[in-house]
Amino acid sequence: MKLKTKVSLILIFLVIAVCSLFAACQIGGKSWREILGDAQHQYITYYAGGGTFGNSKVVKNIYYEAGVPATSEFEITNTDWLFKGWFYVELDGEGNPKFASEENKKAGIPELTDREAVFPLTLSKDDHLYLGAKWTRDYKLKYFLYDSPDITIDGKVYSNGQEFTSSSFGKYDYITLSYSKLPVESSDSTLLEYYVEDGQGGYKVLDGAIEKPDVYDETDEDPFVSVYCKFVSGLWEMVRTASDVRIMYQNLAYGNSYYVTQDIDCSNNQTLTLKAGSINCTIQGNGHTISNQSFESRNLANGGTSSIFGEISKDTVMKDITFENFTSRVTIRSGARVNIYLFSHGIEAGADLQNVAFNNSSLKIPSVPNTSTINNIQNVGGVYQTDAWVSGDGDYSSVGFKNLTLDVAGQTDTKYQEN
C-alpha cells in the first residue's frame with residue numbers, strides 16, 4: 001500500500017473517532033459539527049453525586065452553544081434519595097474537582113460548595129463548569145396494622161403491629177392521607193381509620209395531614225414516620241360524610257354494602273329524588289344517625305309510586321341505624337292515580353332489618369288535583385289520613401317509627417307520636 005494511501009486512511013479513522021467521541025455527548029444549541037466548526041468548546045461536567053444518569057454513567061459532559069441558556073433536563077436517579085439540586089463543585093488550586101477519596105471519584109461524588117446552580121445558565125465561550133448533584137434521604141411513611149382483624153394483601157396475611165406497606169413523602173413536606181387510596185388494597189377488609197402516636201404511649205385519630213419532620217439524621221438509612229391503620233372485616237363502601245350519604249342513596253339498588261362511621265348531618269346536601277323501584281343493599285349503621293336529608297318527586301305520573309326507601313327487597317340488610325328529620329315532598333300530575341308513602345312502599349319477606357329507627361320525619365303533598373287520586377291515602381271528611389301513608393305491604397315490626405307527619409294540601413295527620 002502506498003504511503004499516501006496509508007496516511008489518508010489514518011486521517012479518515014481519526015475523523016471517525018473524533019466524530020464518535022462527540023456523538024456520545026449531548027449537544028445543546030448547535031450540532032457537534034457546528035460546534036467543532038466554530039471551535040466553541042463551552043460545556044458543563046455533571047457528577048451524579050451517588051446516583052446515575054439514564055445510561056448508568058456517573059459523569060456526563062454536555063456541550064452548549066456560547067450565549068445560549070443551558071438547562072439540566074435529563075434523567076438522573078438515586079434509589080431511596082431525593083434530588084435537591086445542582087451545586088458547584090469544590091475546585092483545587094489547579095481548577096480541578098476535589099474528591100474526598102478515590103472511591104468517591106470513581107462513583108462521581110465530588111466535594112460540593114453551598115452554592116446552588118440556578119438554571120438556565122448562560123456560558124461564555126470556552127467556559128467549563130463543574131456541577132454535582134446533591135441528594136437528601138427520601139423520608140418514608142410506613143403503614144402498620146392497628147386494632148384490627150387479620151387482613152390479606154396480595155395473598156399475604158398481616159396481623160396487628162405488622163408493617164404492610166409504605167409510601168414516600170417525595171418532594172412534599174406533608175401528606176394528606178386518603179381513605180380510598182391506600183398504596184395497597186386488602187382483599188378481605190376495608191380501612192376504617194388512621195391513627196398516630198399521641199406522645200403519651202398511646203394512639204389518637206389522625207386529624208389533618210401527616211408532616212415530614214423538619215430535622216432528622218441524614219445518616220439514618222431508613223428515616224420514616226409511622227401511621228397506624230384500623231380495618232374492619234369485609235369489603236364496604238365507607239359512609240363518612242353527607243356527600244357519601246348522597247352517593248349511597250343514589251346506589252341503593254345495586255347490591256352494595258355501606259358502613260356508616262359517624263353521625264352525619266345532611267342539611268347541606270342537595271334534595272334527592274324519591275325511590276320508585278326496589279332497593280337491594282346492606283347498611284351497617286353502627287349505632288349512628290343520619291339526619292336532615294330532603295327528598296322529592298315532581299309531577300308523579302299515573303300509576304306512579306314513591307317513597308324514601310322504595311320496595312325493600314328480601315336481600316336487603318339494615319342494622320343499627322337511625323334516620324332523623326327526613327322530609328319528603330311530592331307533586332302529582334292532573335288525572336294521575338298514584339301511591340305515595342313516607343318510609344317505604346313495601347318490604348319483602350326475608351329482608352333483615354334490625355334496630356332501625358325512623359324519627360321526626362314528614363311527607364308533604366302540596367295539592368291534589370281534582371282529577372287525581374292517591375290510592376293509599378283516603379280523604380275522610382275532608383282530611384287525608386290512614387296509617388298506609390307511612391309504609392306499604394310487609395312486616396315493619398323491626399322498624400321503630402316515631403313522630404311522623406303527613407301534610408296534604410294543608411290537612412295534617414300525625415302517627416307514632418310520643419306520649
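The values are calculated or read from the model by the stated rules, or taken from the named source; none is laboratory data. Just so it is clear, the structure is predicted and the values come from calculations on it, not from any experiment. For neighbour counting, all protein chains shown are included, and Cβ atoms are generated from backbone atoms with ideal geometry for every residue, glycine included. With ligands, DNA and RNA removed, areas are computed over all heavy atoms of the protein, side chains included. Shrake-Rupley method; radii C 1.70, N 1.55, O 1.52, S 1.80 Å.
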Q | Neighbours by Cβ (under 8 Å, 6+ apart or cross-chain): first from the stretch 203-220, open to solvent by 70 Å² or more (accessible area, probe 1.4 Å); second at pLDDT below 90 and β-branched (Val, Ile, Thr) | A | Glu218/Thr136
**Q.** Test result for Tyr195, over 30 Å from Leu274 (Cα atoms) and open to solvent by less than 50 Å² (accessible area, probe 1.4 Å)
**A.** yes
Q: Output yes when any residue across the stretch 237-244 is in contact with a Lys or Arg (Cβ under 6 Å, 6 or more places away or on another chain), part of a strand (DSSP E or B) and surrounded by 18 or more Cβ atoms within 10 Å (Cβ to Cβ), and no when none is.
A: no
Q: Name the single residue, out of those in the stretch 150-188 being in contact with a Phe, Trp or Tyr (Cβ under 9 Å, 6 or more places away or on another chain) and among the aliphatic types (A, V, I, L, M), that is modelled with the lowest pLDDT.
A: Leu182
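Taking the stretch 312-326, which residues are at positive phi and buried (at least 18 other Cβ atoms within 10 Å of the Cβ)?
Listed by number, the list holds a single entry, Asn325.
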Q. Which ranges mark the strands (runs of 3 or more DSSP E) fully within the stretch 20-129 that have 1 or more residues being more than 29 Å from Pro223 (Cα to Cα) and at pLDDT 90 or above?
A. 43-47, 59-63
Q: Give the stretch 251-285 a look and list any residue that's part of a strand (DSSP E or B) and open to solvent by 60 Å² or more (accessible area, probe 1.4 Å), or say none.
A: Asp265, Thr273, Ser278
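Of Phe309, Phe343, which residue is touching a Lys or Arg at 6+ places or on another chain (Cβ under 7 Å), open to solvent by less than 60 Å² (accessible area, probe 1.4 Å) and at pLDDT 95 or above?
On the way: Phe343 fails: touching a Lys or Arg at 6+ places or on another chain (Cβ under 7 Å).
The match here is Phe309.
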Q. Picking from Asn419, Asn376, Asn403, which residue would you name as being modelled with pLDDT under 90 and farther than 19 Å from Ile312 by Cα?
A. Asn419
Q: Being open to solvent by 70 Å² or more (accessible area, probe 1.4 Å) and of a type outside the set (A, V, I, L, M, F, W, C) is the filter; apply it to the stretch 104-122 and report the residue that is farthest from Trp135 (Cα to Cα).
A: Thr122
Q | Within the stretch 187-211, tally of residues that are under 16 Å from the mean Cα position of the chain (by Cα), of a type outside the set (A, V, I, L, M) and more than 21 Å from Pro223 (Cα to Cα) | A | 3
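For Lys134, state whether it is assigned to a strand (DSSP E or B), within 30 Å of Asp220 (Cβ to Cβ) and open to solvent by 40 Å² or more (accessible area, probe 1.4 Å). I'd like the intermediate steps shown before the answer.
Details: assigned to a strand (DSSP E or B): yes; within 30 Å of Asp220 (Cβ to Cβ): yes; open to solvent by 40 Å² or more (accessible area, probe 1.4 Å): yes.
In short, yes.
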Q: Search the stretch 396-419 for residues that are outside any strand (DSSP E or B) and pair each with any residue that is of a type outside the set (A, V, I, L, M, F, W, C) when their beta-carbon atoms are under 7 Å apart and the residues are at least 6 apart or on different chains.
A: Ser398/Gln354; Ala409/Pro366; Ala409/Ser367; Tyr416/Lys402; Tyr416/Asn403; Gln417/Asn403; Glu418/Lys402; Glu418/Asn403
Q. Which of (1) farther than 16 Å from Ser294 by Cα; (2) in contact with a Leu (Cβ under 7 Å, 6 or more places away or on another chain); (3) not in a strand (DSSP E or B) is the odd one out, the single condition Leu342 does not satisfy?
A. (1)
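Look at Ser362 and say whether it is crowded, with 18+ Cβ neighbours inside 10 Å, in contact with a strand residue (DSSP E or B) (Cβ under 7 Å, 6 or more places away or on another chain), of a type outside the set (Asp, Glu) and part of a strand (DSSP E or B). Talk me through it step by step, then tell me what you get.
Working: crowded, with 18+ Cβ neighbours inside 10 Å: no; in contact with a strand residue (DSSP E or B) (Cβ under 7 Å, 6 or more places away or on another chain): yes; of a type outside the set (Asp, Glu): yes; part of a strand (DSSP E or B): yes.
No; evaluated as a whole, the condition is false for this residue.
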**Q.** Unmet criterion (only one of (1) open to solvent by less than 50 Å² (accessible area, probe 1.4 Å); (2) in contact (Cβ under 8 Å) with a residue 12 or more places away in the chain) for Ser101
**A.** (2)
